[in-house]
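One structure below.
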Amino acid sequence: MEKNGVSKSVLIADNVEKSGTADIKTLLRIFDDHEKISLIGAINLFDQTKNKLTEVEKLILEKKIIGLKLYNGHDKIYPTDKRCFSTYELCNKHSIPVMMHTGANSGDSEAAKYNDPKMIVEIANKFPRLKIVISHYFWPRLEYCYETTRNIPNIFFDTSALADQEVIDESGGIEKVKNILEKTIRDQNNNVLFGTDYSMCKTKDHINLINSLEITDDLKDRIFSKNFLDLY
Ligand SMILES: [Zn+2]
């Protein structure tokens with residue numbers, strides 16, 4: 001963070017223990033009450049006992065986490081599956097956003113069928129007060145994601161992974177990525193949030209991506225911080 005001039009960060013938990021990243025317990029152990037770090041929790045859609053959900057709700061009430069993420073595609077469950085609804089309802093109840101992992105996974109393009117934006121749109125319409133953040137812009141099908149989710153007020157996007165070389169190459173090149181972000185920002189300039197992606201991508205590359213967009217400095221500020229602060 002210091003190296004890249006980042007003053008505050010949000011860390012997103014993985015929804016399984018002992019993965020390549022960290023689950024919420026690990027993050028809480030390291031970063032609880034850290035003034036520069038906020039946390040987003042995660043739901044394992046295959047493991048939702050009443051106890052687990054109560055634990056998560058407690059973290060929300062104590063403001064230890066400021067949102068939740070679902071990993072449809074890691075969990076092979078569709079966003080429209082009833083098993084996701086406890087998360088939507090929990091987020092709705094506490095007015096916190098739900099973040100959705102989308103797109104292909106490296107080495108597993110089949111994963112994308114479990115997080116198709118058309119299903120996310122269904123949920124956005126069904127829960128009009130729920131704020132949904134689409135992560136990774138359903139790469140490599142950026143244009144499809146843009147057209148499908150266009151101008152839906154409660155759908156947001158983070159830029160995580162969009163500066164990763166594999167994502168750029170598979171998605172039609174850097175000009176395509178920039179074009180999609182510029183179009184999205186033109187439609188709804190409150191709805192794009194800066195994001196990076198653990199281990200795959202350098203923070204600096206993501207910062208450079210935003211700075212390379214043909215938009216005003218005021219809009220860049222929005223994407224780097226204001227939009228996030230407003231939403232969360
Ligand atoms: Zn993700």
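Could you tell me how many of the residues in region 147-170 are hydroxyl-bearing (S, T, Y) and open to solvent by 10 Å² or more (accessible area, probe 1.4 Å)?
Here is the first cut: in region 147-170, the residues hydroxyl-bearing (S, T, Y) are 148-149, 159-160.
If we keep only those that are open to solvent by 10 Å² or more (accessible area, probe 1.4 Å) too, we end up with 148.
Residues in region 147-170 being hydroxyl-bearing (S, T, Y) and open to solvent by 10 Å² or more (accessible area, probe 1.4 Å): 1 in total.
Residue check: P140 meets all listed conditions (1) without any contact (Cβ under 8 Å) to a residue 40 or more places away in the chain; (2) open to solvent by 20 Å² or more (accessible area, probe 1.4 Å); (3) part of a helix (DSSP H, G or I) but one, namely (3).
Among the residues of region 161-191, those identified as within 16 Å of the ligand (Cβ to nearest atom) and aliphatic (A, V, I, L, M) are A161, L162, A163, V167.
Checked against the criteria, T203 does not count as under 24 Å from G41 (Cα atoms), in contact with a helix residue (DSSP H, G or I) (Cβ under 6 Å, 6 or more places away or on another chain), among the hydroxyl-bearing types (S, T, Y) and open to solvent by 30 Å² or more (accessible area, probe 1.4 Å).
Within region 57-69, can you find the residues that are within 14 Å of D14 (Cβ to Cβ) and either more than 15 Å from the ligand (Cβ to nearest atom) or without any contact (Cβ under 8 Å) to a residue 40 or more places away in the chain (or both)? Matches in region 57-69: I65, L68. Pairs meeting the criteria (first residue in region 9-25 and more than 14 Å from L59 (Cβ to Cβ) and in a loop (DSSP other than H, G, I, E, B), second residue open to solvent by 20 Å² or more (accessible area, probe 1.4 Å) and hydroxyl-bearing (S, T, Y), beta carbons under 6 Å, at least 6 apart or on different chains) are T21/Y198.
Number of residues in region 109-137 that are touching a residue at least 40 places away in the same chain (Cβ under 8 Å), closer than 20 Å to C201 by Cα and either hydrophobic (A, V, I, L, M, F, W, C) or open to solvent by 50 Å² or more (accessible area, probe 1.4 Å) (or both) equals 1.
Can you tell which of T87, T80 is away from the ligand (no atom under 14 Å from the Cβ), in contact with an Asp or Glu (Cβ under 6 Å, 6 or more places away or on another chain) and within 22 Å of F127 (Cα to Cα)?
Numbers: T87 fails: in contact with an Asp or Glu (Cβ under 6 Å, 6 or more places away or on another chain).
Among T87, T80, only T80 is away from the ligand (no atom under 14 Å from the Cβ), in contact with an Asp or Glu (Cβ under 6 Å, 6 or more places away or on another chain) and within 22 Å of F127 (Cα to Cα).
When the residues of region 183-225 are narrowed to those that are within 16 Å of the chain's Cα centre (by Cα) and in a helix (DSSP H, G or I), which ends up farthest from D164 (Cα to Cα)? Only one residue fits best here, namely S225.
The values are calculated or read from the model by the stated rules, or taken from the named source; none is laboratory data. Only a predicted model underlies this, so the values are computations on that prediction, with no experimental measurement involved. No Cβ is skipped: glycine too gets one built from the backbone with ideal geometry, and neighbour counts run over all protein chains shown. To get the accessible areas, we keep the full protein, side chains included, count just its heavy atoms, and leave off ligands, DNA and RNA. Shrake-Rupley method; radii C 1.70, N 1.55, O 1.52, S 1.80 Å.
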